[in-house]
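J.: The structure that follows is given in the form of structure tokens.
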Amino acid sequence: MDRSVNPAFRTEAPFELPLGYVDDSGVRHRRGVMRLATAADEILPMRDPRVQANPAYLSIIILSRVIVKLGSLPDVDTSIVERLFTQDFEYLRRLYEQLNGADEPDAIDPPAASGANGHAAGGPLMLGEA
């Protein structure tokens, strides 16, 4: 029995933000990569005092854990996710849901940057829900 991983199975998905993160030097970063979440990505942030004080902060921590690349930034942390434009934040939340909630992980297409996603900005957050 061949137990090798299907080469079509993707654990990362490239994306391009609609607006882009603008760093302190004024450089705009739009292209990035998000990986599939692990159980730890959703469970460990629940211990974070920022999440305990404000449950909405959970999505910021989770996204900072699963975004492995954004432009030429050396890493992506919570301070970067906090400073994303709302349109980009919503785009990444939808991509996260597609990556981690899809029936077929290798059949993932990033959400359209047009904003025609069926979710209102600031709508219900699906990240990390129990």
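Laboratory data are not the source of any read-out in this text; all were calculated from the coordinates shown. The shown structure was predicted, so the numbers you read here are calculated from the model rather than taken from an experiment. Cβ coordinates were reconstructed from backbone atoms using ideal geometry, including for glycine residues, and neighbour counts include every protein chain displayed.
J.: Would you check which residues across the range 41-70 are among the acidic types (Asp, Glu) and under 13 Å from the mean Cα position of the chain (by Cα) and list them?
T.: Initially, the range 41-70 is screened for residues among the acidic types (Asp, Glu), giving 41-42, 48.
Listed by number, the residues that qualify are Asp41, Glu42.
J.: Is there any pair with a first residue in the range 44-62 that is of a type in the set (S, T, N, Q) and a second that is outside any helix (DSSP H, G or I) whose Cβ atoms are under 8 Å apart and which are 6 or more apart or on different chains, and what are they?
T.: From residues that are of a type in the set (S, T, N, Q), the pairs are Ser59/Leu125; Ser59/Leu127; Ser59/Gly128.
J.: Restricting attention to the range 77-91, report how many residues are surrounded by fewer than 20 Cβ atoms within 10 Å (Cβ to Cβ) and not in a helix (DSSP H, G or I).
T.: Residues meeting the conditions: 3.
J.: For the range 16-41, what are the residues that are basic (Lys, Arg) and either surrounded by 15 or more Cβ atoms within 10 Å (Cβ to Cβ) or within 11 Å of Asp88 (Cα to Cα) (or both)?
T.: Within the range 16-41, Arg30, Arg35 meet the criteria.
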